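Worksheet for the structure shown next.
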Amino acid sequence: MSHHRSKRAQHHANAERDQEQHSDKPMLEHAMVPKGTYELLESAAAVEEFVNHVRQGGVIAFDTEFIGEESFRPKICLVQIATAERVALLDPLSGVDPMPIYELVADNSVLTLVHAGEQDLMAVRQAINGNADHLVDTQIAASLIGLPWPSSLGNTIEHLTGFHIDKAHTFTEWDRRPLSKSQLRYAADDVRYLPLVWSHIKEQLERENRLNWAMQESATQLAGEPEFDPDRQMRRASRGEPLKPAVKTILRELVLLRRELAQAEDQPQRTILSDGALMELVRRKPENASALAEIRFVPQPVAQRHGQRIVDCIRAAKSMPPIREEFARLLEDTAVRVRIDAMWLAFQTRCMATNIAPNLVTSRAEFTSWLAARIDREHKLAKGLPVESAPLPFAIDDWRAESIGRWLSDFIDGRGELSLRWDAESGGLRLGATT
């Protein structure tokens, strides 16, 4: 049994034991929360009937339970759907075809509600060979009304309704049959409350004229495959430690090779080469395949199958131009770093005072890159050198430009100010007069 499988089995046993002690916990009583437990869609006729029910209301809550650490793409073990009146579960491992549900999710006449839905929608995209477009992610939407980004479903429900749902089965054996009653109830609760959650969030978004922001960001983040970010993989492998440019070049090429091999063999990327293996390879830089046997963390089956490709990848990366961070020399200036730190703090404060999660808007790395470009432009202007127009923080058609971008540009140029006060009644920051 693999480490992950053993861990799932232990979590499963603990959750089942805990559920026996709390099996009579009531559900939230509300007109938009389906009463009863759940329906099992065990035939094509049952699936068709539920699809017709959804079409009458035009809104579906959608989720899946999957195992993601044993294959390149997650293995879908259960599909959950709900409306404000009914909640249903479909077991694709039992032979019931989930395609009608996937087609419903992709139907633009139906609004699909998800929470952190990137992985869940992957199954839909693969099945229909296309994208679902009429979507809203309540995790994204909640971050535009004052919740942190990202907020779990449980925390979002509790914040909006005061009701606490059980999350014991987050990491459990979803492919073991039969599924227990506690597993099924847990799965049902993942969609049961989404229509009510969206109702609360939508009301606040409309009151603050932010509904379009939530829809735009949901469409952007949920469109297509979850984006593969090699730089993020590199930061995780190096645990955020600064790397020399030549080392960074080799690590990036190995990260890309790892993904390619994992996809070809339908294996998780870290099963092919763990982060520890990547860093050992970067440090040792083996020159032949036989040397891989002496490198820690590199699985011998991987070394035997792909040793030459790994060595060739490292050799090719060593001859590439080193990856140098843009404005690296500028960022070595202590005064510049202090200025960027101060501006990042002002930006975060402004976002929080307007009930927008700062890290939904942008990352610290992206903010630093943008501001460094502006500072570099200032330095060139001071020397009389030719420059292009000042870079905008966000594209003009992005909701970020409307929500924070215009203020940010004015603030940095000295045309605006940030005035705050503490609202004792609400326990939060409030904006004072700004110009």
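Working with all protein chains in place, sort Trp149, Trp422, Trp174, Trp370 by solvent-accessible area computed with a 1.4 Å probe, largest first.
Sorted descending by solvent-accessible area, the residues read Trp422, Trp149, Trp370, Trp174.
Can you tell which of Asn52, Pro178, Met320 lies farthest toward the positive end of the dipole of the chain, using +1 and -1 charges on the Cβ of basic and acidic side chains (Lys, Arg; Asp, Glu)?
Farthest along the dipole direction, towards plus: Met320.
Which one, Ala291, Ala424, Ala237, has the greatest fluctuation when you compute a Gaussian network model over the chain with C-alpha springs under 10 angstrom?
With Cα springs under 10 Å in the chain, the top fluctuation among Ala291, Ala424, Ala237 is at Ala424.
Tell me what the chain gives for mean residue ellipticity at 222 nm when only DSSP H runs of n ≥ 4 count, each as -39,500 (n - 2.57), the sum divided by the residue total, rounded to 500 deg cm²/dmol.
On the way: 18 runs with 215 residues, N = 435.
Rounded to the nearest 500, the figure is -15500 deg cm²/dmol.
Run the 1.4 Å probe and let me know the accessible area of Val247, rounded to the nearest 10 Å².
Around 30 Å² of this residue is reachable by solvent.
Could you sort Asp398, Asp120, Asp312 by their accessible area in this structure, using a 1.4 Å probe and putting the largest first?
Descending accessible area places them as Asp312, Asp398, Asp120.
Could you derive backbone 3J(HN,Hα) for region 394-408 from the dihedral phi with the Karplus parameters 6.51, -1.76 and 1.60 (θ = phi - 60°), listing whole Hz in sequence and x where the residue is Gly or Pro?
Ordered by residue, 3J(HN,Hα) equals 9, 4, 5, 9, 8, 4, 5, 4, 6, 6, 9, x, 5, 4, 4 Hz.
Counting only C-alpha contacts under 8 Å and six or more residues apart, can you give the relative contact order of the chain as a whole percent?
Details: 575 pairs, mean separation 57.9, N = 435.
Result for the chain is 13 percent.
May I ask you to list the trypsin sites (Lys or Arg not before Pro) in region 321-418 that are in a DSSP loop and have at most 11 other Cβ atoms within 10 Å of their Cβ?
Qualifying residues, ordered by number: Arg329, Lys383, Arg415.
Could you name the aspartates and glutamates in cross-link range of Lys181, using Cα to Cα under 17 Å and dropping any fewer than eight places away on the same chain?
Within reach: Glu16, Asp18, Glu20, Asp24, Glu39, Glu42, Glu65, Asp91, Asp166, Glu173, Asp189, Asp190.
Label 7 Å along Cα→Cβ of His379; region 232-253 residues with amide nitrogen under 19 Å?
Counting only backbone N, you get 245.
Which entries of Lys35/Lys202; Lys75/Lys202; Lys75/Lys285 have Cα-Cα distances beyond 25 Å here?
Lys75/Lys202; Lys75/Lys285
Going Cα to Cα from Lys380, which aspartates and glutamates come in below 12 Å? Please leave out same-chain ones fewer than 8 positions away.
Hits, sequence-local ones excluded: Glu388.
Please report the Cα spread of region 335-410 along all three principal axes, rounded to whole Å, starting with the longest.
41, 29, 19
Are there DSSP H segments in the chain that both extend 15 Å or more along their axis (alpha-carbon positions) and score a mean Kyte-Doolittle hydropathy of at least -1.0? List them, or say none.
44-57, 118-128, 194-207, 211-222, 245-265, 300-318, 334-353, 364-382
For the chain, what is the charge dipole size about the Cα centre, in debye to the nearest 20, if Lys and Arg each add +1 at the Cβ and Asp and Glu each add -1 at the Cβ?
1860
Would you check the accessible area of Met99, probe 1.4 Å, heavy atoms only, in square angstrom rounded to 10?
Only protein atoms counted, so the area is about 60 Å².
Determine the share of the chain's accessible area contributed by carbon and sulfur atoms, expressed in whole percent, with a 1.4 angstrom probe.
50
Express in whole angstrom the spacing between the alpha-carbon centres of region 195-210 and region 370-422.
Computed from Cα coordinates, the inter-centre distance equals 31 Å.
From the residues Ala372, Pro393, Ile356, which one has its Cα farthest along the dipole of region 347-413 in the positive direction, the dipole being from +1 and -1 charges on Cβ of Lys/Arg and Asp/Glu about the Cα centre?
Projecting each Cα onto the dipole axis, the largest value belongs to Ala372.
Which aspartates and glutamates, if any, have their Cα less than 13 Å from the Cα of Lys244, not counting same-chain residues under 8 positions apart?
Those aspartates and glutamates meeting the cut-off are Glu325.
As a test question: what accessible area, to the nearest 10 Å², does Ser319 have when a 1.4 Å probe is rolled over all protein chains in place?
100
Name the most mobile residue of Gln183, Gln56, Gln119, meaning the one with the largest mean-square fluctuation, in a Gaussian network model of the chain with Cα contacts below 10 Å.
Gln56
Given a Förster distance of 35 Å, report the FRET efficiency between Ser363 and Arg421 from their Cβ-Cβ distance, rounded to the nearest 0.05. Kindly include the intermediate steps, with their values, before the conclusion.
Details: r = 28 Å, r/R0 = 0.81.
For R0 = 35 Å, the calculated efficiency reads 0.80.
Would you work out which of Gly146, Thr64, Gly95 lies farthest towards the positive end of the dipole of region 55-148? Charges go on Cβ: Lys and Arg +1, Asp and Glu -1.
So the residue furthest toward the plus end is Gly146.
Could you rank Trp399, Trp213 by how accessible they are, 1.4 Å probe, largest area first?
Trp213, Trp399
Calculated FRET efficiency, Leu330 and Leu392, Cβ-Cβ r, R0 22 Å, to nearest 0.05? Write down the numbers at each step before the final one.
On the way: r = 19 Å, r/R0 = 0.88.
Once the sixth-power term is evaluated, E becomes 0.70.
The values are calculated or read from the model by the stated rules, or taken from the named source; none is laboratory data. The structure displayed is predicted, hence computed values, not measured ones. When we count neighbours, we look across all protein chains shown, and the Cβ atoms used for this are built from the backbone with ideal geometry, even at glycine. When the accessible area is computed, the model is the full protein with side chains, heavy atoms only, and any ligands, DNA or RNA have been set aside. Shrake-Rupley method; radii C 1.70, N 1.55, O 1.52, S 1.80 Å.
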